[in-house]
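The values are calculated or read from the model by the stated rules, or taken from the named source; none is laboratory data. All values derive from a computational prediction rather than experimental measurement. Don't worry about glycine lacking a Cβ; one is built from the backbone with ideal geometry, like all the others, and counts go over all protein chains shown. Just so you know, the surface numbers come from the protein's heavy atoms only, side chains and all, with ligands and any DNA or RNA stripped out. Shrake-Rupley method; radii C 1.70, N 1.55, O 1.52, S 1.80 Å.
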Amino acid sequence: MTSPVPDTITVDADRLWRSLMDLAEIGAYDDERTGLRGVNRLALTDADAAGRRQVIAWMEEAGLAVRVDRMGNIYGRREGTDPTAAPVLTGSHIDSVVTAGAFDGCLGGIEVVRTLHEHGIVTRRPIEVGVFTEEEGVRFGTDMLGSAVAAGRLTLDYAHALTDRDGRTLGDELARTGFDGPTDVRLDPPCAYVECHIEQGPVLAENGVGIGVVTGVQGISWQEITVHGRAAHAGTTPTQLRADAGLAAAEIIVRLRAMVDSGEYGELRATVGHLTVHPDLTNIVPARAELTVDLRNPDDAAMARAEEDLAAFLSELEDARPGLALTTRRMAGTPHVPFDETVQKVIAGAADDHGLAHISLLSGAGHDAQEIAALCPTAMIFVRGEYDGISHNPREYSTPETCARGVDVLATTLLRLAGQD
Ligand code: GLV
Ligand code: MN
């Protein structure tokens, strides 16, 4: 039996929390540094595959028809009354970094359809819940990978050929985990896309609100730099005879921080999150250093200047240090992506109708929404994180109440979009 479509809808906060906590048990580990329980569900590992199977089971219990595409992206579909209408899509990811909390990516789509299901509500348009592969990009080196291929920015061949640090390809890992699905990866344009996500930053807490309407995502630039030097004896090699790859890596890190502090590149953020030296031994001058550079900037022109100036610094370094050679490899790059104003208004209206204070803000983190935005009007809902919004850390936390209110806003937004012509 179907019920009339209400104007707002409220999800089951306890059930949502139980699911979040149950999912967090998959890939859980004891984090020595924080003494907390963290989540390690790196894309297409056994833990990620177990999480995917759990999510599929939940989708099926909620009456969704599940399909898996050739990138391992999972979609659960709930039909509407109009079989010709394009669906409203929601979603995110369940892959994680290796030191994650329980919240990054996992908020809400399934709880929305459970709620529609139990209230017997049928929308005009179908609603689909997507789970995208390798959003984090930390295993295969390119972030938002599954959604980027679904939206057509990257090719399936490019993605399948990417390798992890042990040389395993994404294509092989899809096959090994059983998630090399049969359906075409290119997504037919949905009518709209809305993603609910923990903020992963301090802005909502600083403003004393629980909900953010996301205006877009800042630009992201990832590259890997390899410094080739010369291994030599630590005790006998005079300083002027060294080609020390480790020293050059350190100079790059310090230079990046100076670029940020100079204020010449707008709101640039720069991170070297991966650094290894070879042969990695106490008494050997490093022969090689590998490091990654993650740049973020809301201003594309300032980002381009930062990339050019970093490249110029690398060639100066090479010229100034005989015996050193530097190579770079682009891993990922996306511009600032503005979100659709109409969808932002629907989200803000839903928050108002739930009596929830909200602000608008730009996302500092990358999200699948920035890829799907190429296909259809898109925006995001942020929920406040505690402890300065720390994320990519087991301390990541949002309260049960805040999560539920964010998913209420998602539910009402989806209901309204799925009722539109
Ligand atoms: C993904 O979380 C990113 O912004 O790196
Ligand atoms: Mn995420």
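Quick one: if the Förster radius is 22 Å, what FRET efficiency do residue 388 and residue 267 give, using the C-beta to C-beta distance and rounding to 0.05? Show your work: numbers first, answer last.
Numbers: r = 18 Å, r/R0 = 0.81.
For residue 388 and residue 267, the calculated efficiency is 0.80.
Does a label point 7 Å from the Cα of residue 61, set along Cα-to-beta-carbon, have any residues of region 125-140 with amide nitrogen under 19 Å, and which are they?
Residues passing the 19 Å test: 129-131.
Solvent-accessible area per residue for region 220-334 at a 1.4 Å probe radius, Å²?
Roughly 52 Å² per residue, with all protein chains present.
Which order do peptides 354-365, 108-119, 324-335, 369-380 fall in by mean Cβ count within 10 Å, highest first?
Going from most to least packed, we get 369-380, 108-119, 354-365, 324-335.
What is region 198-282's relative contact order, in percent, from Cα pairs under 8 angstrom and six or more apart in sequence?
In percent, rounded to a whole number, it is 18.
How large is ³J(HN,Hα), in whole Hz, for each residue of region 45-61 in order, when computed from phi with the Karplus curve 6.51 cos²θ - 1.76 cosθ + 1.60 and θ = phi - 60°, using x for Gly and Pro?
Taking θ as phi minus 60°, the curve returns 7, 4, 5, 4, 4, 5, x, 4, 5, 5, 5, 5, 4, 5, 4, 5, 4 Hz for region 45-61.
Is there a quick way to get the dipole size of region 220-334? I mean about its Cα centre, with the Cβ of Lys and Arg at +1 and of Asp and Glu at -1; what is the value in debye to the nearest 20? If you can, show how the numbers build up before the last one.
Numbers: 11 positive and 17 negative charges, 89 e Å.
Roughly 420 debye, rounded to the nearest 20.
Of 94, 252, 265, which is farthest along the charge dipole of the chain in the positive direction, counting Lys and Arg as +1 and Asp and Glu as -1 at C-beta?
Sorting the options by dipole projection puts first 252.
So, counting K/R as plus one and D/E as minus one, what does the shell of residues with Cβ under 12 Å around residue 18 add up to? Intermediate values should be presented prior to the final figure.
On the way: positive: 15, 114; negative: 12, 14, 22, 25, 111.
In short, -3.
With +1 assigned to the C-beta of every Lys and Arg and -1 to the C-beta of every Asp and Glu, and no other charges, what is the dipole magnitude of region 266-361 about the Cα centre in debye, to the nearest 20? Don't jump to the answer; show the numbers that get you there.
Working: 8 positive and 16 negative charges, 72 e Å.
Charge dipole, region 266-361, about its Cα centre: 340 debye, nearest 20.
Roughly how big is the chain's charge dipole about its Cα centre, with Cβ charges of +1 (Lys, Arg) and -1 (Asp, Glu), in debye to the nearest 20? Write out the running numbers ahead of the final one.
Values: 36 positive and 64 negative charges, 100 e Å.
Rounded to the nearest 20 debye, it is 480 debye.
Based on the Cβ-Cβ distance of residue 118 and residue 30, what FRET efficiency does E = 1/(1 + (r/R0)^6) give at R0 = 41 Å, to the nearest 0.05?
Once the sixth-power term is evaluated, E becomes 0.70.
What does the charge count near residue 54 come to, summing +1 for each Lys or Arg and -1 for each Asp or Glu among other residues with Cβ under 15 Å from its Cβ?
Values: positive: 15, 18, 41, 52, 53, 114; negative: 22, 25, 46, 48, 60, 61, 95, 111.
With Lys, Arg at +1 and Asp, Glu at -1, the neighbours total -2.
For the chain, what's the relative contact order in percent, using C-alpha pairs closer than 8 Å and at least 6 residues apart? Walk me through the numbers before you get to the answer.
Values: 991 pairs, mean separation 101.9, N = 421.
Worked out over the chain, it gives 24 percent.
If I model a spin label at residue 342 and residue 21 as a point 7 Å from the Cα along the Cα→Cβ vector, what separation in nanometres do I get?
About 4.2 nm, to one decimal.
Specify the angular offset, from 0 to 90 degrees and rounded to the nearest 10, of the alpha carbon long axis of helix 245-262 from the longest principal axis of the alpha carbons in the chain.
For 245-262 against the chain, the angle is about 60 degrees.
If packing is taken as the mean number of other Cβ atoms within 10 Å per residue, what is the order of 388-395, 43-50, highest first? Present the calculation step by step, with values, prior to reporting the outcome.
Details: 388-395: 18.6, 43-50: 21.2.
Peptide ranking by packing, descending: 43-50, 388-395.
So if we plug the beta-carbon distance of residue 309 and residue 276 into 1/(1 + (r/R0)^6) with R0 = 30 Å, what FRET efficiency do we get, rounded to 0.05?
Details: r = 25 Å, r/R0 = 0.83.
My answer for the efficiency is 0.75.
For the chain, what is the percent of antiparallel DSSP beta bridges, rounded to the nearest 5?
That works out to approximately 70 percent antiparallel.
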